[in-house]
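Step one of this worksheet: look at the structure below.
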Amino acid sequence: MVPGDSTMKRLKYGFVAVGIVAIAGVLVAPLAAHHSFSAQYDSNQPVSLRGAVTKVEWMNPHVYFYIDVRNEESGRTENWALEMGAPAVIQRNGWRQNTMKIGDVVLVEGTRARSGELLANARSVTMASNGERLGAGSSENVTP
Amino acid sequence: MNMRKISQTVVAAGLALALHAPVDAAARQAGSGDEARPTPFWSDGRVNLDAAPGEKGFWNVMRGSVFGTGGTGLETNLEFDEIPFQDWARDLYEYRQSRNGLDDPHARCFPAGGMRFFTVPNGLNIVDQPEMNRMFFISGENRDWRRIAMEPGREHPPEDELLPTYFGDSIGWWEGETLVVDTVGFNERFWMIRGGMPHTRFLHLTERFTRLDYDTMRYEVTIDDKGAYTEPWTGGWLIPWQTVNYDNSEGGEIHEYFCGDNERDSAQFDILIEAER
């Protein structure tokens, strides 16, 4: 029996979906940390932030970068701090020191700090310029 | 490029990445079916606990639990309910667990004392100097190191001369092909393993290191602490050997890591703890 057009379409998109899930699963795989994620970040507070990079701290124990984000409610620009894994950890995901530069516009998916400060743990970072998406070495879902 | 090619490319890329993604070495050894290389020995018959001459690598000591038989846990491990806690110690452990590690000293860059030494990132090398009657455990985590005194007949200092420290006073000897390390003199300023298992200044650890094959170290520890447990108890796990750098690049060498370099988490912990008051 030859699959009809609609079946073939579902199979094509299914393959694409599987491929994307496989890639995403590798890129954002939880990685080890020296402390507990859930002590500091609230998995019930996901964030999606878009802004221009203002600073990158490529250092242990965590790489931090900072972005200016427009608060749509207040109209003010807020500077958010984003925490990633250690340099050695995120390098496994393809990061290098110069992957992100001052002024680059990025989209960050992450989890907000319990303290309420403008701080989040990044799960993934997507470059607005070319759409490249990299996992951030988050320790979310890793048993401390 | 049409959709068929796009879908094939995406799937192929996904599968390629998945197949070459970092794999837990222990899991790989457990299920891969690859034949393990034999334990290496020095010419005098001692077990070589590190890389063979001309080779590189380190022990990936990131994970391990002293109770439970799942994962890399030893088949002889106790289950949690069998651990002979004193009541206060069980209560403290459960309290620490409830706070998700908020109070973990190692998260504030304090040294990884006790068994925690073998459950931290950044790798471990073992340097054996029999001519000096000593052995060093060198951790990539903050470049912490432990010295194991190997002089025959060596004893611990008297208790009143011991300065309580994070890593204690360690004496070692060989029992056949197993390195035995006996340690006393711990302070109470660390969590002796991930998760916050309590201990007191009475902690006495007897660790046994057996290299089962080139890629696997059996780590077994007896915890004798009359201040926290009603009797000594034993547990351990398997530690995998790794031949790539910690960032998965080629090399197999430990690189520099210092927690205090840009540590920002403790300020967050302080905010949360202050908010509890």
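Over chain B, what is the mean sequence separation of C-alpha contacts under 8 Å (at least six apart), divided by residue count, expressed as relative contact order in percent? Before the final figure, lay out the partial values.
On the way: 531 pairs, mean separation 62.8, N = 277.
Once divided by the residue count of chain B, the mean separation gives 23 percent.
What three numbers, in Å, describe the spread of the alpha carbons of the stretch A:65-116 along their principal axes, ordered from the longest?
Result for the stretch A:65-116: principal-axis Cα extents of 38, 27, 13 Å.
I need B:Tyr214, B:Tyr219 ordered by Cβ neighbour count within 10 Å, fewest first.
B:Tyr214, B:Tyr219
Computed FRET efficiency, Cβ-Cβ of B:Gln129 and A:Glu73, R0 41 Å: what is it to the nearest 0.05? Walk me through the intermediate numbers first.
On the way: r = 64 Å, r/R0 = 1.57.
The computed FRET efficiency comes out at 0.05.
With N residues in the stretch B:59-246, what two-decimal value do you get for its Cα radius of gyration over 2.2 N^0.38 Å?
Details: Rg = 15.9 Å, N = 188, 2.2 N^0.38 = 16.1 Å.
My calculation over the Cα atoms of the stretch B:59-246 gives 0.99.
Once you sort the root eigenvalues of the Cα gyration tensor of the stretch B:92-179 as a ≥ b ≥ c, which label holds: rounded (a/c under 1.5), prolate (a/b larger than b/c) or oblate (the other case)? Working shown, then result.
Numbers: a/c = 2.37, a/b = 1.67, b/c = 1.41.
Prolate.
Please identify which residues in the stretch A:59-94 have an amide N closer than 18 Å to a label point set 7 Å out from the Cα of A:Asn130, following the Cα→Cβ vector.
A:91-94
Where does the stretch A:30-135 land on the Kirkwood hydrodynamic radius, alpha-carbon pairs, in angstrom? Walk me through the numbers on the way to the answer.
Details: mean 1/r = 0.0717 Å⁻¹.
Here the Kirkwood hydrodynamic radius works out to 13.9 Å.
Would any residue of the stretch B:169-193 have its amide N under 16 Å from a label point 7 Å out along Cα→Cβ of B:Ser266? List them or say none.
So the set is B:189-191.
Label points 7 Å out from Cα along the Cβ direction at B:Glu159 and A:Ser43: separation in nm?
Distance between the two pseudo-spin positions: 4.4 nm.
Restricting to DSSP loop positions (anything but H, G, I, E, B) with no more than 13 other Cβ atoms inside 10 Å of their own Cβ, which trypsin sites (Lys or Arg not before Pro) remain in the stretch B:207-262?
Numbers: sites: B:Arg208, B:Arg211, B:Arg218, B:Lys226; in loops: B:Lys226.
Filter output for the stretch B:207-262: B:Lys226.
Going by how many other Cβ atoms sit within 10 Å of their own, how do A:Arg123, B:Arg264 line up, fewest first?
Values: A:Arg123 20, B:Arg264 15.
Taking fewest neighbouring Cβ atoms as first place, the list is B:Arg264, A:Arg123.
Using a Gaussian network model of chain B whose springs link C-alpha atoms within less than 10 Å, name the residue from B:Gly140, B:Gly260, B:Gly64 with the highest mean-square fluctuation.
B:Gly260
At 222 nm, what helix-only mean residue ellipticity would chain B give, in deg cm²/dmol to the nearest 500, using -39500 (n - 2.57) for each DSSP H run of four or more?
Details: 4 runs with 49 residues, N = 277.
After summing the helix terms and dividing by residue count, I get -5500 deg cm²/dmol.
Please arrange A:Val125, A:Val105 by how many other C-beta atoms lie within 10 Å of their C-beta, fewest to most.
If I rank by nearby Cβ atoms, fewest first, I get A:Val105, A:Val125.
Considering only DSSP states other than H, G, I, E and B, which GluC sites (Glu not before Pro) in the stretch B:120-181 qualify as loop sites with at most 15 other Cβ atoms within 10 Å?
On the way: sites: B:Glu131, B:Glu141, B:Glu155, B:Glu159, B:Glu161, B:Glu175, B:Glu177; in loops: B:Glu141, B:Glu155, B:Glu177.
Sparse-neighbourhood loop GluC sites (Glu not before Pro): B:Glu155, B:Glu177.
Who wins for biggest fluctuation among B:Val120, B:Val181, B:Val244 in a Gaussian network model of chain B, springs between alpha carbons below 10 Å?
Checking each option, the largest mean-square fluctuation is seen for B:Val244.
Here, each number is a calculation from the coordinates, and none is a lab measurement. Please read these numbers as outputs of a predicted model, since none were measured by experiment. All Cβ positions, even for glycine, are placed from backbone atoms using ideal geometry, and neighbour counts span all protein chains on display.
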